[in-house]
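Okay, structure first, notes after.
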Amino acid sequence: MAEYQLVDAGLLSDYELIDSGDFEKLERFGKYIIRRPEPQAVWSKALSEKEWGGADARFVLDVQNANGEKGRWTRKRSMPDEWTISYGHGDMKISFVLKFNTFKHIGVFPEQADNWNFIFDNVRRIASPDCNVLNLFAYTGGASLAARAAGAKVYHVDSVRQVVNWASENQTASGLSDIHWVVEDAMKFVKREIRRGNKYNGIIMDPPAFGRGPAGEKWIIEDSIDELVALSSQLLKDKNSFFILNMYSMGLSALISDNIVRSHFGNVDTQCGEMFFTDKAWRRLPLGTFVRFSR
């Protein structure tokens, strides 16, 4: 059966959603305030423009850019090129090096904190020296860090070498080592692992709506996600295992993800729903969907 949940990542010491509205969000990462576009914040802001204008950095979209992601950052002189924040759960402590680029993302998705807890707790539950975790579309590696901090052997797969290098910086900042870095198209890697007969205790996937692999492989989530989950079901161990699928594509319900997962993994007890943060005016900003299970 499926259990639908709304998951608020809560108050993280190094992150808070200060305000949201008028298609923007105002956030604190460590001691710095960041102002970024947010297409789902369709309501009005609670704070004044003067208060928003005090942000240390602001991302301005390039109106000529069709996908609505590229643009430029404007910053106060006191704002460094990069800085570090941390997150803890139990005896896990992981750190992220944050930096600016031509996209609105700065290297961490703090709403994933509840999934990091889930990963850490399940790796500790499995407690095997041979616990293997596969992280697909792994970006800068929050899930990889959580699994490695709990003692798993981690295989971190992303098609963009620059973000894999960034994830390696986060590994160093977290005092961890020995994550296996793989720069490859996720679908190709999964198919090869099936041919090799490899199995994993944990599989995590965080696919974009659209992307390209290192050799130009095309990824469109609606066309490919069912096949990828079906293939991944051949890689996950039947016992002492867990699975997570995150999706950030607007318009794709968590129930879609849940239907896909349950159709390929059988009658598993899933948790699915929306991740969100609550701003200081008590508006809940949706930040993606998830489905996960452990067995």
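The values are calculated or read from the model by the stated rules, or taken from the named source; none is laboratory data. The structure presented is a predicted model; accordingly, all values stated were derived computationally and were not measured. Positions of Cβ are generated from backbone atoms using ideal geometry, with glycine treated the same way; all protein chains shown enter the neighbour counts. Each accessible area value is taken on the protein alone, full model and side chains, heavy atoms only, with ligands, DNA and RNA left out. Shrake-Rupley method; radii C 1.70, N 1.55, O 1.52, S 1.80 Å.
When a/c reaches 1.5 or more, the comparison of a/b and b/c decides; with that in mind, is the stretch 65-206 rounded, prolate or oblate per its Cα gyration tensor?
Verdict is oblate for the stretch 65-206.
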Checklist entry - If the cut-off is a Cα-Cα distance under 27 Å, which lysines reach LYS199, setting aside same-chain residues fewer than 8 apart in sequence? => result LYS153, LYS188, LYS191, LYS218, LYS237, LYS239
Item to check | DSSP-assigned coil residues among chymotrypsin sites (Phe, Trp or Tyr not before Pro) in the stretch 220-295, each with at most 13 further Cβ atoms within 10 Å | outcome: TRP282
Checklist entry - With the contact rule set at Cα under 8 Å and sequence spacing of 6 or more, what percent relative contact order holds for the stretch 29-173? => result 17
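If you filter the stretch 11-78 for trypsin sites (Lys or Arg not before Pro), then keep DSSP loop positions with at most 10 other Cβ within 10 Å, what is left?
Answer in residue order: LYS31, ARG77.
Gain in length, SER253 to SER224, computed as 0.36 nm per residue apart minus the alpha-carbon separation, to one decimal in nm?
8.8 nm
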Checklist entry - P(r) tail for the stretch 220-295, what percent of Cα pairs lie past 18 Å? => result 42
Next on the checklist: Defining a contact as two alpha carbons under 8 Å apart and six or more residues distant in sequence, what relative contact order in percent does the stretch 153-209 show?
Outcome noted: 40
Checklist entry - How many lysine pairs are close in the stretch 1-122, with Cα atoms under 16 Å apart and the two 8 or more places apart or on different chains? => result 9
Item to check | the stretch 165-295: C-alpha gyration tensor shape, a/c 1.5 cut-off, then a/b vs b/c | outcome: rounded
Next on the checklist: Probe radius 1.4 Å, ligands and nucleic acids ignored: give me the carbon and sulfur share of the accessible area of the chain as a rounded percent.
Outcome noted: 49
Item to check | Mean Cα-pair separation over length for the chain, i.e. relative contact order, pairs under 8 Å, 6 or more apart, % | outcome: 18
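By the gyration tensor of its Cα atoms, with a ≥ b ≥ c the square roots of the eigenvalues, what is the shape of the stretch 159-200: rounded for a/c under 1.5, prolate for a/b over b/c, or oblate?
Working: a/c = 4.68, a/b = 1.78, b/c = 2.63.
Because a/c hits 1.5 or more and a/b fails to exceed b/c, the stretch 159-200 counts as oblate.
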